[in-house]
Structure formats: C-alpha cells, structure tokens
1. If you consider only alpha-carbon coordinates, what radius of gyration and Dmax does region 111-162 have, in Å?
2. Using the Cβ atoms and a cut-off under 13 Å, what net charge is assigned to the surroundings of GLY133, where Lys and Arg are +1 and Asp and Glu are -1?
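Just so you know, all these numbers are worked out from the coordinates, no wet-lab data involved. It should be emphasised that the depicted structure is a prediction, and the values quoted were computed from it without experimental measurement. For neighbour counting, all protein chains shown are included, and Cβ atoms are generated from backbone atoms with ideal geometry for every residue, glycine included.
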Amino acid sequence: MANTRPDPIEKTDTAEKADPLTPHGGFADLVGYRIGDWESGHAEVILDVEARHLNRSGVAHGGVMSTLIDAACGYSGCYCTVPGNARRAMTLQLTTQFLGQVRHGDTLTATGRVVGGGRSVFFADCEVRTAKGELVGRGEGVFKYRRGSETPEGLPARQTHG
C-alpha cells in the first residue's frame with residue numbers, strides 16, 4: 001500500500017512510519033517539495049512552482065527540476081518497511097534531460113522508480129510531468145546505500161546519520 005504525504009511541513013502518522021526524518025527540514029523545506037505516493041521501488045515528489053523557483057527568463061530554473069529528479073529517484077530506493085526505521089542513500093551520478101518549459105503556477109510531479117541494482121547500489125529513472133500530463137523532464141541516477149540501509153528494514157532513524 002502506498003503512503004501519501006500531503007504536506008512538506010505537516011508530519012502524518014503514515015509519513016512517520018515510512019521514514020521519521022524526511023522530507024522535513026533542510027533543503028526539502030527550502031525548495032518546498034512534498035512526497036506523494038511512496039512505496040518500495042516507487043516514489044513521487046510534487047512541487048507547486050512559485051516565483052522563487054523561476055530563473056531570470058521567467059521559467060523554472062533547471063536546478064529545480066534536477067532536485068525533483070534526484071529526490072524522486074533517491075526516495076524510490078529508500079522506502080523502509082519497519083516503522084521508526086529509515087534508509088539513506090547518496091547520489092553517485094545524476095543525468096537530466098530538460099524537455100519543456102515550466103512556468104509559475106505549474107504543479108510538477110516527479111515519478112521515480114528503481115530499475116536495477118544490487119546490495120549496495122541501485123539505479124533509478126524518473127519522469128517529470130505537469131498536472132496536464134506534459135512530459136517536461138527525465139532523468140536517471142546511480143545511488144549508493146549508506147551503511148545499514150542496504151536492506152528494506154533499514155536502521156533506527158537516529159542511527160542513519162553520519
């Protein structure tokens with residue numbers, strides 16, 4: 001069953017069970033994305049594009065889309081099956097393709113999915129679409145699990161930093 005996280009600030013019981021530390025705090029709050037459906041091998045990252053996300057040409061900065069692709073791919077490989085535990089990974093490589101312009105007021109959904117890997121590394125790809133279904137970006141990445149995050153059970157959240 002997929003978990004839905006409605007808000008980047010409000011923590012729900014469902015969100016707490018999946019991963020008590022994310023996406024709240026730090027860069028996720030700065031950008032303002034939220035997690036949609038999240039289950040093993042699949043994650044959605046959603047962003048309502050605001051003026052702060054635009055470049056000097058009046059369209060979303062490429063770094064915004066890169067961030068969504070990185071987050072969706074990373075989350076897709078880090079779903080944890082044990083309440084109170086967490087899994088972490090770091091990005092080793094990220095490739096992005098910008099396929100369309102994104103404007104103020106658009107809602108973007110980046111959908112990441114695991115496409116392969118082994119015990120310590122996973123591969124994921126991602127599509128970014130507007131609420132109208134327009135494909136505006138794609139990406140793929142290689143991610144390395146942090147120590148203790150290699151299994152779906154993860155580690156107690158307090159042990160996943162460092």
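1. For region 111-162, the Cα-based Rg and Dmax read 14.5, 41 Å.
2. That works out to -1.
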